[in-house]
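The structure appears below as structure tokens.
The values are calculated or read from the model by the stated rules, or taken from the named source; none is laboratory data. From a predicted model like this one, the values you see are computed outputs, not experimental measurements. Using ideal geometry, Cβ is built from the backbone for each residue, glycine included, and neighbour counts are taken over all protein chains shown. Just so you know, the surface numbers come from the protein's heavy atoms only, side chains and all, with ligands and any DNA or RNA stripped out. Shrake-Rupley method; radii C 1.70, N 1.55, O 1.52, S 1.80 Å.
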Amino acid sequence: MNDRRDELARGLAAVHERIARSCATAGRPAEEVTLVVVTKFFPASDVRLLHELGVRHVAENRHQEAVAKREECADLGLTWHFVGGLQSNKAAAVGGWADVVQSVDRPKLLPGLTRAAHERDRPLDVLLQVSLDPPGSGTGRSGVAPAGAGALAAAVQGAEGLRLRGVMGVAPLGGDPAEAFALLARVAGDVRTVEPAATWVSAGMSGDLEAAVEAGATHVRVGSAVLGNRPSRR
Ligand SMILES: *Cc1c(COP(=O)(O)O)cnc(C)c1O
């Protein structure tokens, strides 16, 4: 267990160092970037160690797994992000435990999320997931098309109990992440014309967080660089 703690501490230190260096390159204060550690596939014991090591934001991408882990870690006061593909029939359930839903990409999710927000005592923070894949690439990955983000932002604003905080994106495999994150920054600007308080830009993972920070990311979502390679799914 102590070995694991050391391993996580080393991973965290390396990631914080990378964030600090990219912020310096971009002339941004390091406090502008929030590290969200993606703990999917890893046990609640790791979440607990990460909390001891100062982590305050964690992310999960599967509802069942997240619910169990969150329950085991209920005493920690962590902020839980959902970063997975969301089915409309799961939206209310995810909105029941998540503090931030980063993967809102279509209006069909809004009724369920609104219902969840209604049942909690505070608004539910949401980000619009924007597709950064080349148009027509047919990868089937989630995300609203860049041109559709403004309309979706307006729909979220019309949904009671949801607080639109900004945008999220995943750089396409094999593409230039700097280009993808520049596009995300432009879409973030479009969204801010609808909701000026939507200032969060969630971009960058273990492999490309530098490019994301240099393009203005406020949140980076890092898994393997902190936790190691994910165990294979059962
Ligand atoms: C798993 C995941 C991450 C973290 O990926 P790493 O490459 O392990 O850092 C970030 N964002 C999303 C949406 C993910 O599903």
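A few remarks follow.
- Failed condition for ASP125, given (1) assigned to a helix (DSSP H, G or I); (2) surrounded by 16 or more Cβ atoms within 10 Å (Cβ to Cβ); (3) more than 14 Å from the ligand (Cβ to nearest atom); (4) of a type outside the set (Gly, Ala, Ser): (1)
- All conditions but one from (1) closer than 22 Å to CYS23 by Cα; (2) over 13 Å from the mean Cα position of the chain (by Cα); (3) of a type in the set (D, E, K, R); (4) open to solvent by 30 Å² or more (accessible area, probe 1.4 Å) apply to ARG165; the one that does not is (2).
- Scanning the stretch 109-122 for residues that are under 17 Å from ALA154 (Cβ atoms) and either of a type outside the set (Val, Ile, Thr) or in a strand (DSSP E or B) (or both), we see that the one that is most open to solvent (accessible area, probe 1.4 Å) is PRO111.
- Filtered residues of the stretch 30-71 (kept if among the polar types (S, T, N, Q) and not in a helix (DSSP H, G or I)): THR34, THR39, ASN61
- Answer residue from the stretch 212-234, given it is in a loop (DSSP other than H, G, I, E, B), open to solvent by 10 Å² or more (accessible area, probe 1.4 Å) and over 18 Å from ARG4 (Cα atoms) and is nearest to the ligand (Cβ to nearest atom) among those: ARG233
- Residues of the stretch 191-206 satisfying the condition of being over 15 Å from the mean Cα position of the chain (by Cα) and open to solvent by 70 Å² or more (accessible area, probe 1.4 Å): ARG192, THR193, PRO196
- The set of residues in the stretch 72-108 being out of contact with any Phe, Trp or Tyr (no Cβ under 8 Å at 6 or more places or on another chain), assigned to a helix (DSSP H, G or I) and hydrophobic (A, V, I, L, M, F, W, C) consists of ALA74, LEU76, ALA91, ALA92, ALA93.
- Residue that is touching a Ser or Thr at 6+ places or on another chain (Cβ under 9 Å) and of a type in the set (Gly, Ala, Ser), where the choices are GLY150, GLY216, GLY175: GLY150
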